[in-house]
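Accompanying notes for the structure given below.
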Amino acid sequence: MSLRSCVADPLAHLHGRWRIAAILAALACACRTLPATPPTPVPDAASAALYEAEDALREGADLRGSRGDELNARRALERAVELAPDWVAPKRLLDEIARADLRGVDALRAHRDALGKDPHDAGEQYLTGRLEGRAGEPRFEAAVREDPGLAWGHHGLSWAAAARGDRSEAVFHARVALACARDPWERTFFTQTLARQLVAADRRDEALDLLDERAAADDVPAQDRARIAALSVELALEASNSRLGFQAYERGIEILRGEDLPDADVEALTARMRARSFDDPEDQRLSLALAARKSPARDRLRAELMLQNGATPLALGLLERALQATDHSLPAGTAARAARFAAGDFSGAVERWLAALPRVVLDTDGLPRDERLGRIVRIARRISNDSGPGRDDLSDLGQALVGAGWFREARGVAVRLASSDLDAALTLDERALAGIELVDETRRVLRRVDRASSDVRASTGPVSRDEPRPNGRDTGRDVVPALLATRDETPPLRSLDALLEALAPIFAHANAFLGGETRESSLRRELKASPRTSYAGLAQVVHPGPRFSQADEHVGLGQAGERVGGLAALLDRYGRFGLFGEMAGAGGPDATVLPLLGWEERSGSHLGVRWHGMVAWCESADVKSRAGRRGAQISAAALHEGYWVDVDSVRAELAGWELLRRRFVSDAGGGASAPDRIVAALRSGGLSLGAVHEGPTSGGRSSESERLATDALLGEAQRMRLAVLRDRAGSGAALGEMTLDELLDVTCTHEEGHLCDRTRFLPVGEHTLACFGLLLDCFFSPVRVGEELEYRAQLTCIAEVADPRVPLAQVLDSVEAGPSGITPHSAGYARLLTDLLRVVDEDREGYPEFDRTETLAHQLHRLPAEKVRRAALALAKRKGLN
């Protein structure tokens, strides 16, 4: 291997000539000596202890937030360390247990202390560097200098190279790490890592050969052999080669049928197979393969497949069994509602759904404000009061469901109706299927848009990928799911007009059963004539409805108060909200479509600035936006003159709070009592200054920059959430709870922050100086403008909501996850966090909660809510927001 391939593009990450020389020397040493110096194996007993720990962590790991039997896992890992004191692998897993208990900062502090005693310990250099995130690369270089044969040092360098996009260097170091592996566990781990790096470098065939070779090795335990095979299937399914994909799908069926994979691997493999269901259009073979083995994850996945392909009461039973095994009640979202309808529990499904709705979508009587949804509730209650639903009741309920866009639920009613009126049941089922097809075909049309976007990216550079996260978790998987390009030969869609025209036959087919215009030519004209708003020629948005505003009338879109026609009216007939638009340089048009809970006109002020807009309350997106299709979690978005909110997505955020609470009120954390574990997590402070990069690798980092560092937050977002829950604990309770309504308020306030900026900057002709100032501050970069707008909206949110620690935890989450390149949030939030830290750093008397000899970011959870608000208001004043 040539040195040129080992050190591709060194100027992208090296900071001085001495570092270039050092890393060249280390790599040259590795290339020269590794083949002749085999790694020293660890004792078999140590390796067995590591496998025992891994099994313990998986055993019982579930939705409660526990990571299995951590006490026994910790004991096994400590035994492995005792048997092999210089082995990094068990120490690394001990760090992961500490991180899960929100004590990652304590683990990093301990490693730094160990380095202080022995700065030449290569293993400690690696362990320290991986917890330091992106700032830890000098540690990996030091580890390789001290011990060129340390697999984990090269693994760290591979991770760092991948993080900056240097694929060739990432592959090189991953290959060296594999060559230096000391036991079967490490050989499997580094094989999987190298395979992912090869795929990221567009060397998929090499990756698959590597995995096949490892799976056939004599030292691979059976459980590892299955996991390797599963990863091989996932990587093969991502390929565009249809023959390879077909073979991979068949192999995936065999693995799911015959192997006891961990639940996480089952979920990952099933998700990939669902995206490429070769000769299994209704996923029946996939469902049967999942049924061959028993686990909560398999039950839940089978239920999802059943609900996707038709109404069946079996789905509800599977969901209930899966959740009962993890002490969870059945969720209240759309999937659970459809499952209950499939089981014939119409009234129960509606009442559970109604009870879980946020207050903002209900009227004073507790019914949905949307008349179509209110009608469903009234009919369901009428049925529950009868001795049993009659034919007319079922027919009324079915028509109400179709009218509201609850198509899967309507199919459940059709099954029940068939026994008393077959013709009516068949008609109802046909109408419901037409609605389902409408949604599915719209989703398929957006795949054509993604293909156009992919073509553009392919002509200008590599497809954007998820980078390994700065918390040490190594990924390297494609963000964009496989799009079945080999089966879809329709031309890609490259403009908003083309996208709208492509919807015409879809609406025509649906209307043939559901009523309305069926001539494609007429629908095409209607769709192209949809009212649109243009923003300085840089973007255009199809008016989402439901009515024209005074601002619309002012620019000639339509008379205020009248209903919006075109696309908005067509979607509203099916109980859907849609946002369709196109932005210059964004890779073509985009869209999102969601079931509608209702509209609400809102107004108010934040930081003294008035805002006004129409809010679309939605649930469970049918079609996600491009960012969502690439993996981003989108709960809401500002639009034409308002914003939309996905209530189900916010419920997912609420579930995260609940998982945290469950983890810290249980005794699953290694024997310590819940209060003790909470105290230990919240007692954790910052890192001592001066120890971040000691010696020549410091790069001249000042004490101020160290104090404000955000390189490795190590769970500070979760510590802040834990502090919030602790402060809400009632008498005798260890932790309180978060509510859906509060999280929705946080989400809404962020979007209203965007509407405040619309007041400040739009229309452009009336706010020329303000717009020029924004562009000047952002160096006339459209990307930077997007980041700045997210910064301002979240800062407004922190300053205005009831508990500002809740949105601040979102900021910390985003910064810890690192830049994704999918949305502008991460970069904007990173600057926001740094600026907030600078505010509290400059006001030492106002924030005595901080120890100024330590990093401040790791101490944010010590701030009470009003101190966080105080910092946000001070920063907002500096930014000219109030």
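The values are calculated or read from the model by the stated rules, or taken from the named source; none is laboratory data. Just so it is clear, the model here is predicted, and its values are computed rather than measured. When we count neighbours, we look across all protein chains shown, and the Cβ atoms used for this are built from the backbone with ideal geometry, even at glycine. SASA here: full protein model, heavy atoms, side chains in, ligands and nucleic acids out. Shrake-Rupley method; radii C 1.70, N 1.55, O 1.52, S 1.80 Å.
Regarding Leu305, is this residue modelled with pLDDT under 80, among the hydrophobic types (A, V, I, L, M, F, W, C) and crowded, with 17+ Cβ neighbours inside 10 Å?
Criteria not met by Leu305.
Listed residues Leu417, Leu422; which is open to solvent by less than 10 Å² (accessible area, probe 1.4 Å) and over 27 Å from Leu594 (Cα atoms)?
So the residue among Leu417, Leu422 that is open to solvent by less than 10 Å² (accessible area, probe 1.4 Å) and over 27 Å from Leu594 (Cα atoms) is Leu417.
Determine if region 820-833 includes at least one residue that is surrounded by fewer than 20 Cβ atoms within 10 Å (Cβ to Cβ) and within 18 Å of Ala717 (Cα to Cα).
Taking every residue of region 820-833 in turn, at least one turns out to be surrounded by fewer than 20 Cβ atoms within 10 Å (Cβ to Cβ) and within 18 Å of Ala717 (Cα to Cα).
Among the residues of region 493-541, which ones are in a loop (DSSP other than H, G, I, E, B) and surrounded by fewer than 18 Cβ atoms within 10 Å (Cβ to Cβ)? Write out each step before concluding.
We begin by selecting, within region 493-541, every residue in a loop (DSSP other than H, G, I, E, B); these are 493-495, 503, 515-519, 529-531, 536-538.
Result: Ser495, Gly515, Gly516, Glu517, Thr518, Arg519, Ala529, Ala536, Gly537, Leu538.
Results for (1) closer than 30 Å to Leu722 by Cα; (2) among the charged types (D, E, K, R), shown as yes or no for each residue.
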residue: Arg576; (1), (2): no, yes
residue: Thr592; (1), (2): no, no
residue: Leu607; (1), (2): yes, no
residue: Gly613; (1), (2): no, no
residue: Arg661; (1), (2): yes, yes
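Among the residues of region 35-68, what is the count of those that are part of a helix (DSSP H, G or I) and modelled with pLDDT of 55 or more?
Counting residues in region 35-68 that are part of a helix (DSSP H, G or I) and modelled with pLDDT of 55 or more gives 15.
Would you please list the contacts, defined by Cβ atoms under 8 Å and residues six or more apart or on different chains, that run from a residue in region 823-848 that is closer than 15 Å to Ala872 by Cα and without any contact (Cβ under 8 Å) to a residue 40 or more places away in the chain to a residue that is hydroxyl-bearing (Ser, Thr, Tyr) and buried (at least 21 other Cβ atoms within 10 Å of the Cβ)?
Cβ pairs passing all conditions: Tyr829/Tyr791; Tyr829/Ser814.
For region 699-711, check the following and say yes or no: at least one residue is closer than 30 Å to Val679 by Cα, among the small types (Gly, Ala, Ser) and over 31 Å from the mean Cα position of the chain (by Cα).
yes
Given the residues Leu837, Leu833, which is the only one that is outside any loop (DSSP other than H, G, I, E, B), under 29 Å from the mean Cα position of the chain (by Cα), more than 30 Å from Gly585 (Cβ to Cβ) and of a type outside the set (D, E, K, R)? Don't jump to the end; show me each part of the working.
Numbers: Leu833 fails: more than 30 Å from Gly585 (Cβ to Cβ).
One residue alone meets the criteria, Leu837.
Can you list residue pairs whose Cβ atoms sit under 8 Å apart, with the first residue in region 572-586 being part of a helix (DSSP H, G or I) and the second being open to solvent by less than 70 Å² (accessible area, probe 1.4 Å)? Count only pairs 6 or more apart in sequence or on different chains.
Filtered contacts from region 572-586: Asp572/Gly545; Asp572/Pro546; Asp572/Leu596; Arg573/Leu514; Arg573/Gly516.
Taking only pairs six or more apart or across chains, which ones have beta-carbon atoms under 8 Å, a first residue in region 671-699 that is under 15 Å from Ala114 (Cα atoms) and surrounded by fewer than 19 Cβ atoms within 10 Å (Cβ to Cβ), and a second residue that is of a type in the set (A, V, I, L, M, F, W, C) and modelled with pLDDT under 70?
So the pair list comes out empty.
Applying the selection to region 161-185, what residues are open to solvent by 10 Å² or more (accessible area, probe 1.4 Å) and either within 28 Å of the chain's Cα centre (by Cα) or free of Cβ contacts under 8 Å to residues at least 60 places away in the same chain (or both)?
Ala163, Arg164, Gly165, Asp166, Arg167, Ser168, Arg175, Leu178
Could you look through region 139-160, keep only residues that are touching a His at 6+ places or on another chain (Cβ under 6 Å) and not hydrophobic (A, V, I, L, M, F, W, C), and pick out the one that is surrounded by the fewest Cβ atoms within 10 Å (Cβ to Cβ)?
Top of the filtered list is Glu146.
Only one of Leu607, Leu639, Leu597, Leu659 is over 25 Å from Gly435 (Cα atoms), modelled with pLDDT of 95 or more and of a type in the set (A, V, I, L, M); which?
Details: Leu639 fails: modelled with pLDDT of 95 or more; Leu597 fails: over 25 Å from Gly435 (Cα atoms); Leu659 fails: modelled with pLDDT of 95 or more.
Answer to the check: Leu607.
Tell me, which residue of region 752-762 that is out of contact with any helix residue (DSSP H, G or I) (no Cβ under 7 Å at 6 or more places or on another chain), part of a helix (DSSP H, G or I) and not β-branched (Val, Ile, Thr) is farthest from Ala616 (Cα to Cα)?
If we take residues in region 752-762 being out of contact with any helix residue (DSSP H, G or I) (no Cβ under 7 Å at 6 or more places or on another chain), part of a helix (DSSP H, G or I) and not β-branched (Val, Ile, Thr), then Arg758 is farthest from Ala616 (Cα to Cα).
Of all residues in region 356-380, which are open to solvent by 90 Å² or more (accessible area, probe 1.4 Å) and either in a loop (DSSP other than H, G, I, E, B) or in contact with a Ser or Thr (Cβ under 9 Å, 6 or more places away or on another chain) (or both)?
Thr364, Asp365, Arg369
Tell me, which residue of region 225-238 that is in contact with a helix residue (DSSP H, G or I) (Cβ under 6 Å, 6 or more places away or on another chain) and within 18 Å of Asp280 (Cβ to Cβ) is surrounded by the fewest Cβ atoms within 10 Å (Cβ to Cβ)?
Residue satisfying both the conditions and the ranking: Glu234.
One line per residue, one yes/no per condition, for (1) within 28 Å of Pro824 (Cα to Cα); (2) aromatic (Phe, Trp, Tyr); (3) surrounded by 20 or more Cβ atoms within 10 Å (Cβ to Cβ):
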{"site": "Glu553", "(1), (2), (3)": "no, no, no"}
{"site": "Glu562", "(1), (2), (3)": "no, no, no"}
{"site": "Tyr574", "(1), (2), (3)": "no, yes, yes"}
{"site": "Gly578", "(1), (2), (3)": "yes, no, yes"}
{"site": "Glu600", "(1), (2), (3)": "yes, no, no"}
{"site": "His612", "(1), (2), (3)": "yes, no, no"}
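Quick test of your reading of the structure: Gln859 fulfils all but one of (1) out of contact with any helix residue (DSSP H, G or I) (no Cβ under 8 Å at 6 or more places or on another chain); (2) open to solvent by 30 Å² or more (accessible area, probe 1.4 Å). Name the failing condition by number.
Gln859 satisfies every listed condition except (2).
Taking region 75-128 as the search range and keeping residues that are not hydrophobic (A, V, I, L, M, F, W, C) and not in a helix (DSSP H, G or I), which one is farthest from Val665 (Cα to Cα)?
His120
Considering only region 752-767, state which residues are surrounded by fewer than 23 Cβ atoms within 10 Å (Cβ to Cβ) and acidic (Asp, Glu).
The answer is Asp757, Glu766.
If Met738 meets every condition in (1) part of a helix (DSSP H, G or I); (2) under 25 Å from Ala616 (Cβ atoms); (3) touching a residue at least 40 places away in the same chain (Cβ under 8 Å) apart from one, which number is that one?
Single failed check for Met738: (1).
Counting only residues that are among the aliphatic types (A, V, I, L, M) and under 14 Å from Glu800 (Cα atoms), which one in region 589-615 is nearest to the chain's Cα centre (by Cα)? Full working, then the answer.
Here is the first cut: in region 589-615, the residues among the aliphatic types (A, V, I, L, M) are 591, 593-594, 596-597, 607, 609, 614-615.
Then keep just the ones that are under 14 Å from Glu800 (Cα atoms); that gives 607, 609.
Values: Leu607: 30, Val609: 32 Å.
Going through the qualifying residues, I end up with Leu607.
Scan region 763-778 and give yes if some residue there is in contact with an Asp or Glu (Cβ under 7 Å, 6 or more places away or on another chain), of a type outside the set (S, T, N, Q), closer than 25 Å to Arg869 by Cα and not in a helix (DSSP H, G or I), otherwise no.
no
Being buried (at least 19 other Cβ atoms within 10 Å of the Cβ), of a type in the set (Asp, Glu) and in a helix (DSSP H, G or I) is the requirement here; does Glu866 meet it? Quick ask: steps written out before the conclusion?
Values: buried (at least 19 other Cβ atoms within 10 Å of the Cβ): no; of a type in the set (Asp, Glu): yes; in a helix (DSSP H, G or I): yes.
Spelling it out, it is not the case that Glu866 is buried (at least 19 other Cβ atoms within 10 Å of the Cβ), of a type in the set (Asp, Glu) and in a helix (DSSP H, G or I).
Looking only at region 544-565, which residues are in a loop (DSSP other than H, G, I, E, B) and out of contact with any helix residue (DSSP H, G or I) (no Cβ under 6 Å at 6 or more places or on another chain)?
Scanning region 544-565 gives Pro546, Phe548, Ser549, Val555, Gly556, Leu557, Gly561, Glu562, Val564, Gly565.
Enumerate the helices (runs of 4 or more DSSP H) found wholly within region 151-249, keeping only those where 1 or more residues are of a type in the set (Ser, Thr, Tyr).
151-163, 167-179, 184-200, 222-237
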